[in-house]
Every structure is written in structure tokens, then in C-alpha cells.
Amino acid sequence: MNEAVEELGAKSGSPKPGAKPGSEPFSAEGKLGSEPFSAESPDSKVLRGDSAAEGSALDSAEGLRSGQSTEKGSVPNFPAGDGSAPDSPGDLRSRQSTEKGSDPNFGTSTSLWGKGLAKLRRDRVGMAAFAVVVVYFLIACGVWLGLIGQDWYVTSPESFSPASSEHWFGTTRNGQDIFDRAIYSTKVAFEIGLLVSVLTTVIGGALGAVAGYFAGRWIDEVVLWLMGVLDALPFYLFVAAVAFAMQGHPLGMHVALVSTLWTTTGRVVRGEVIKLKSLEFVEAARTIGAPDALIIFRHILPNTSHILLVQATIVFVTAIKAEVILSFLGIGTQDGVSWGLMLSQSTSEVTVGFFNNFVAASAFLFVLVMAFNLFSDALQDALDPKKVSE
């Protein structure tokens, strides 16, 4: 009977009666069998099982980190390694504010104007010239406000008086104070220069922008033809002819100067607009259906402001010199006094050995023209896109 039970237990894998647990070998299928006893101890089997479990855990951790890396690549501002949630918009703004406060260059303007003005401030010659121009402008403002130079027409019996504390530059043949006349002429020069430069900038900028935007069309052809006709005429001869034809009109000389000086500004702006109209922001404006006038005067023309500013300073100097020449010829300033009239009057005074009137007018004109030319050159170098990054 016992032998039958033992035989049945051997077949079913049950332990023999009276056998201690663990004394039978553990088969690879996970059940007690009749396989030969393994040389490994139970402790080594347990350690091997723990190592396998640890390896499985490490594989799971690697998989988790791989999943986090994938999420980090798809979610912005995902923190590295801490497993926390992404930053909220408030936290992001707070961190950006902190960075802005710690970085002195955060948000610094990199525009053409910002770089150009910074470069202009480093130009000592240009800034010195600008200071001289400001002094002249303050003198003109003083005359406009009636604070200085109001007695330029007052005569006295002191003819050809030398320089003194009462008359700093002496007096003319009629006894008029030369210093007051030179000061008052500064106001006339600025009136001519400012008015002509503003009008030529507006007219030349508008016509040049339209011609450049419609380059190759009939509008461009008409504007170019008009520029060619005016440029073909001798400048001072044409200005003198127009001023003489409008002699007696207070704005005759202004019309003569504006009608000839706008062409240079128009040509420069036309070339710049031809380059700008092919850029992306103009194409975007066309895509959304913006009209041509809006594109020209709202989007393109403001991007030529640095060219217009430099051209305005050049025209200012040209207008002052032209006014002096026309006034010297007697077809310029009619009512009042100017440096050109002072030079014209000094021609008869030089013959008798009196040079005060000539020297005063020449000195005031020379210093202003030289200062404006130096400032214009410095401004052109500062706003030149090719040099602004230097």
C-alpha cells in the first residue's frame, strides 16, 4: 500500500510522506520533480531572484526617464530631472522679469536709429559742429522773439566806426551797427534754409517714393523726365531766372530754390524705394489687400527717413548759399537784411579800406556752413546702414 502511494506521489510530483519541505529538487518548470539536485544553495537562488527583480526595476526606471524625455521635448519649459509639472504662465512671466532685472542689456533697442544716434554721440567733430548749429539756432530764436538784433536798421552819424564796446563790429557807411545786422541775418538764413529744406524733402520724398514704387511704369517715366529737365538746366542760372520772374513776391526766391533742389532728394529716395518694395513686409501688405498709397506712405516711406534727414541738412546749406548769391546779385532778399546784402554793400566799402562789414558777413556765413557740412557728414556716417554696425 505504501509502495503504491509513493509511486503515485512520484508521478504527481507530491513530496514523499515524512520528507522535509525543501529537500526535493526544484525543477525549471517551477514544480517538484525527480530532476537531480542543483549545486546552487537556496540563498544563492534568492539573491539571483533579487538581482533579476532589480534589473527589471532599472529597466522600468529607464523607460520612465525615456518617456519623460519625450514629454520634455514636446512640452516647453519642462523642468529637467525634478519630475514636476511645466511652469505656469505666471511663473514664466516672473522668471522673465527676473532675467530682465538681472540683465542690463535685456530689451536694448537694436534699431537703426538707436545705433546711429549712439555712433553720432561718439563722433566728437560731429557733436561739436552740432553744438555750433544749435548756437546759431538760438540766435535766430532770439531774433524771432524780438530779444536781439532789432536795431539793425537804426542809423547814426558814426560812419565807418571801428569796433568798440558800443558797436562790437563797428558801423556801416550809414552808421548802422554791423553786429546787429549780422545777428538779424542769421534769422533770415534759418528762415530760408528751414522752409526750403522742409518743402524739398516733402516734394522730393513723395515723388521719389511714387516713382520708385511704380518703377518702369508711366508714372516713373514722367517723374524721371521732369528730374532730367530740371537737372539739365544750370542751377544758379535757372534759380536766378525764376527769382527774377517773381521779383517783388516775398516767396519768389523760395519757389526758385524748391523747384530745383527737390530733384536730388527724389532720385535718392526712388533708388531706396526700389530696393525696399521687394522685401517681405511690403509683400505681406500687398497680400492682405492694402492699397498702394497706404503701402507707399505708411510702410515704405518711413523706412527712408534716415535718407530724408541727411538730404534735408544738405539742402539747408545749399539754400543758404544760394540765398547769399541771389541777394548779392540783387534778386534775393528784398525787405530786410541778409549776409548776401551785407556782402553786396561791402563792395563799395572795401575800396575805401573798411572791411568790417565784409568780414562779419563772411565769418558768420563760413562758420554756419562749415558746421552744418560737418554735422551733415557725421549724420550720414552715423545713419548709413553699411557703417552703423561698426
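The values are calculated or read from the model by the stated rules, or taken from the named source; none is laboratory data. Everything numeric in this text was worked out from a predicted model, so none of it was measured. Note that we place each Cβ from the backbone using ideal geometry, even for glycine, and neighbour counts take in every protein chain shown. Only protein heavy atoms, including side chains, enter the accessible area calculation; ligands, DNA and RNA are left aside. Shrake-Rupley method; radii C 1.70, N 1.55, O 1.52, S 1.80 Å.
Some notes on this structure:
- Number of the exception - VAL317 against (1) within 18 Å of the chain's Cα centre (by Cα); (2) buried (at least 19 other Cβ atoms within 10 Å of the Cβ): (1)
- The residues of segment 246-266 that are modelled with pLDDT of 90 or more and open to solvent by 70 Å² or more (accessible area, probe 1.4 Å) amount to a single one, THR264.
- Of the residues in segment 269-289, at least one is surrounded by 21 or more Cβ atoms within 10 Å (Cβ to Cβ), over 19 Å from the mean Cα position of the chain (by Cα) and in a helix (DSSP H, G or I).
- Lone unmet requirement of (1) touching a residue at least 24 places away in the same chain (Cβ under 8 Å); (2) part of a helix (DSSP H, G or I) for LEU343: (1)
- SER164 fulfils the conditions (1) among the small types (Gly, Ala, Ser); (2) outside any loop (DSSP other than H, G, I, E, B); (3) open to solvent by 40 Å² or more (accessible area, probe 1.4 Å) except for a single criterion, (2).
- Scanning segment 180-200 for residues that are over 28 Å from the mean Cα position of the chain (by Cα), of a type in the set (S, T, N, Q) and surrounded by fewer than 21 Cβ atoms within 10 Å (Cβ to Cβ) turns up nothing.
- Selected residue [surrounded by 14 or more Cβ atoms within 10 Å (Cβ to Cβ), at pLDDT 90 or above and part of a helix (DSSP H, G or I)] from ALA243, ALA206: ALA206
- Top-ranked residue of segment 231-287 - restricted to ones that are acidic (Asp, Glu) and free of Cβ contacts under 8 Å to residues at least 60 places away in the same chain, ranked as nearest to VAL198 (Cα to Cα): ASP231
- Test: residue in segment 348-366 that is over 30 Å from MET127 (Cβ atoms), of a type in the set (D, E, K, R), open to solvent by less than 30 Å² (accessible area, probe 1.4 Å) and part of a helix (DSSP H, G or I): yes
- Test set (1) open to solvent by 20 Å² or more (accessible area, probe 1.4 Å); (2) in contact (Cβ under 8 Å) with a residue 24 or more places away in the chain - ILE300 fails condition number: (1)
- Among the residues making up segment 347-383, those that are at pLDDT 90 or above and among the small types (Gly, Ala, Ser) are ALA360, ALA361, SER362, ALA363, ALA371.
- LEU117 meets each of the listed conditions (1) open to solvent by 70 Å² or more (accessible area, probe 1.4 Å); (2) at pLDDT 90 or above; (3) closer than 30 Å to ASP377 by Cβ apart from (2).
- The residue that is farthest from TRP339 (Cα to Cα), counting only those in segment 165-181 that are among the hydrophobic types (A, V, I, L, M, F, W, C) and in contact (Cβ under 8 Å) with a residue 24 or more places away in the chain, is PHE169.
- None of ALA215, ALA211 is buried (at least 20 other Cβ atoms within 10 Å of the Cβ) and among the hydrophobic types (A, V, I, L, M, F, W, C) except ALA211.
- Qualifying residues in segment 325-340 (those that are in a helix (DSSP H, G or I) and without any contact (Cβ under 8 Å) to a residue 40 or more places away in the chain) - the one most open to solvent (accessible area, probe 1.4 Å): PHE328
- The one condition from (1) buried (at least 22 other Cβ atoms within 10 Å of the Cβ); (2) under 17 Å from LEU195 (Cβ atoms) that ALA382 does not meet is (2).
- Count of segment 128-154 residues which are open to solvent by less than 70 Å² (accessible area, probe 1.4 Å), part of a helix (DSSP H, G or I) and out of contact with any Leu (no Cβ under 6 Å at 6 or more places or on another chain): 10
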